[in-house]
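Structure, as structure tokens:
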There are 2 protein chains.
Amino acid sequence: MVTAAVLVIGNEILSGRTRDANVQFLGAELAAKGIVLAEVRIVRDDTAAIVEALDALRARYTYVFTSGGIGPTHDDITTQAVAAAFGVPVVRNAEAERRLAERYGRDLLNAARLKMADTPEGATLIDNVVSQAPGFRMDNVFVMAGVPSILQVMFNGIKDDLAGGAPLLSRSVTLAAREGDLAEGLTRIQDGDSTVEIGSYPTFTGGRSLVTLVARGTDAGRVDAAMAAIRTLAAELDADILP
Amino acid sequence: MVTAAVLVIGNEILSGRTRDANVQFLGAELAAKGIVLAEVRIVRDDTAAIVEALDALRARYTYVFTSGGIGPTHDDITTQAVAAAFGVPVVRNAEAERRLAERYGRDLLNAARLKMADTPEGATLIDNVVSQAPGFRMDNVFVMAGVPSILQVMFNGIKDDLAGGAPLLSRSVTLAAREGDLAEGLTRIQDGDSTVEIGSYPTFTGGRSLVTLVARGTDAGRVDAAMAAIRTLAAELDADILP
């Protein structure tokens, strides 16, 4: 099984100022490649916290994707922290400097911007077609920007390099029903095939109880069979299926 | 310093199906109470993963808030996992059962719904004025629903019981500028007062580079002084301040 973790770095997420968007993007992209996103951690802009989380995650999962903290300002400390985790120095990457010089011109390429050309020694660059300042890869760790539009182009540039597993297929249906009425039948369906993961997600919309049921697995026939069983259950319970 | 962690439990967040909303809500609420949200973990619906994360977080932070996995279906395993982490059995809570019986009537209170009356031995209930099925507290761990509207009423019911710190004040300003031009001046301002945390958050909107600068601290005079220094920097650099 190919697994992954995401490490989100940023006080702005933890303070509630910003609602993270990168976990959802990466979760969906990884699932489509058959890579199981098994864990996410969100830590503050603090070197020790970043190093500790990174070391725990990179030892355990096939891939680690980080978001945030690679810009030019004082609170951007991810590069230093990744270098510390790998026990290597931070060095100026000539190719990254060339790209930044091309974007900004030598006049505007001040010390702060040049910081974005620094990587841990041994890193390879991740392209940034939006604003040039690259991300980088160290071993199984992919270091990307926090701004969602930039993280997305960075990920799109690397995703073909990732070893995927069997793509995770997902089917869902939404019923006008209450979870408590479905639960016994769902347990029976789940117990009948442990290779398909049945998820049950209630919402309350306009005073109406809805439940979205999701079947996920790598075998299309088994996923479809689980969905058929869910539809039969809905019919038995006289629960409307939403269009 | 009063600290907290959030543990989000749910495959639907990790698969990208659902975008988490609870971290932002809790982050903002905790900051307003002077509690530093220091870490978030998101784990799958897996007992071992929940227990491991919970044990790590509850040992390290003043409070831990969990979201998700306390409903009636087979994939709701948080209560069992919390009991396992604390080394206590799961028991039927008579008051929780009374509330569920009042809501559903004895006829509809089937085995699945009764599962929502189970808590780890020694837990105290967290009220749920939306749908009655309670959350619970074990020691420094607060176990809440994943549905945002329910998590929010649960948190509102417990927040007065939390020991807060000095409320974290936050001021922000958005400049039409690029981070690389501001970075040197921001470093100077940050170095001038370590009690105020200066955050710099770039966005690219309609082809325009904007930077939101946030000053956070517990001393209003120092936060205001940092913001004044940021405004002076903006003026020096001829950067427009957005209304």
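The values are calculated or read from the model by the stated rules, or taken from the named source; none is laboratory data. Not measured: the values here are computed from a predicted model. Methodologically, a virtual Cβ is constructed for each residue, glycine included, from the backbone with ideal geometry; neighbour enumeration extends over all protein chains shown. When the accessible area is computed, the model is the full protein with side chains, heavy atoms only, and any ligands, DNA or RNA have been set aside. Shrake-Rupley method; radii C 1.70, N 1.55, O 1.52, S 1.80 Å.
Odds and ends about this structure:
- Residue A:18 - accessible surface, heavy atoms, 1.4 Å probe, Å² rounded to 10: 40 Å²
- With a cut-off of 14 Å between beta carbons, the residues surrounding residue A:26 carry a summed charge of +1, where Lys and Arg count +1 and Asp and Glu -1.
- Checking every one of the chymotrypsin sites (Phe, Trp or Tyr not before Pro) in the stretch B:36-110 against DSSP loop status and a limit of 11 other Cβ atoms within 10 Å picks out no site at all.
- Cα-based helix-to-principal-axis angle, A:179-192 vs chain A, degrees rounded to 10: 80 degrees
- Amide H within-cut-off set for residue B:63, under 5 Å, with H built and near neighbours excluded: B:3, B:4, B:5
- Backbone amide hydrogens, once placed in the peptide plane, bring residue B:91 within less than 5 Å of B:119, B:121, excluding anything fewer than 5 places away on its chain.
- Residue-by-residue Karplus 3J(HN,Hα) for the stretch B:209-223, coefficients 6.51, -1.76, 1.60, Hz, glycine and proline x: 8, 10, 10, 9, 10, 10, 10, 10, x, 9, 9, 4, x, 6, 4
- Formal net charge of residues neighbouring residue A:101 (Cβ-Cβ distance under 13 Å; K, R +1; D, E -1): +2
- Per residue of A:31-38, other chain Cβ atoms within 10 Å of the residue Cβ number 3 on average.
- When chain B is turned onto chain A, its residue with the beta carbon nearest the axis, and that distance in whole angstrom, is B:41, 3.
- Between helix A:47-60 and chain A: long-axis angle, C-alpha atoms, 0 to 90°, nearest 10: 50 degrees
- The same position residue A:121 in the other copies lies at 5.7 nm from this copy, comparing label points 7 Å beyond Cα toward the beta-carbon, shortest first.
- In the stretch A:1-88, GluC sites (Glu not before Pro) in a DSSP loop with at most 13 other beta-carbon atoms within 10 Å: none
- Among the residues of A:74-87, the average count of other protein chain beta-carbon atoms within 10 Å of the residue beta-carbon is 2.
- Cα centroid separation - the stretch A:179-208 against the stretch B:65-114, whole Å: 16 Å
- Taking the C-alpha atoms only, the angle from helix A:22-32 to the longest principal axis of chain A is near 60 degrees.
- Sorted shortest first, the separations between the residue B:205 label point and its copies elsewhere in the assembly read 2.9 nm; each point sits 7 Å from Cα along the Cα-to-Cβ line.
- Heavy-atom accessible surface of the protein assembly as shown: percent carbon and sulfur, 1.4 Å: 49 percent
- HN-Hα J in Hz across the stretch A:149-156 - Karplus 6.51, -1.76, 1.60, θ = phi - 60°, x for Gly and Pro: 5, 7, 4, 5, 5, 4, 5, 4
- Once Rg and the Kirkwood radius are both taken over the C-alpha atoms of the stretch B:169-241, their ratio Rg/Rh works out to 0.96.
- Each copy carries residue A:92; placing its label point 7 Å along the C-beta direction from Cα gives inter-copy distances of 7.3 nm, listed from smallest up.
- Phi-based couplings in Hz for the stretch B:71-77 (Karplus 6.51, -1.76, 1.60; Gly and Pro marked x): x, x, 8, 4, 8, 9, 10
- A cut-off under 12 angstrom between Cβ atoms defines the neighbours of residue B:228, and their net charge, with Lys, Arg +1 and Asp, Glu -1, is +1.
- The sum of -39500 (n - 2.57) across all DSSP H runs of n ≥ 4, divided by the residue count of chain A, sets its helix-only mean residue ellipticity at 222 nm to -12500 deg cm²/dmol.
- Using all pairs of distinct alpha-carbon atoms, the Kirkwood hydrodynamic radius of the protein assembly as shown works out to 24.0 angstrom.
- Cleavage-rule hits, trypsin sites (Lys or Arg not before Pro), the stretch B:187-237, DSSP coil, Cβ neighbours within 10 Å at most 14: none
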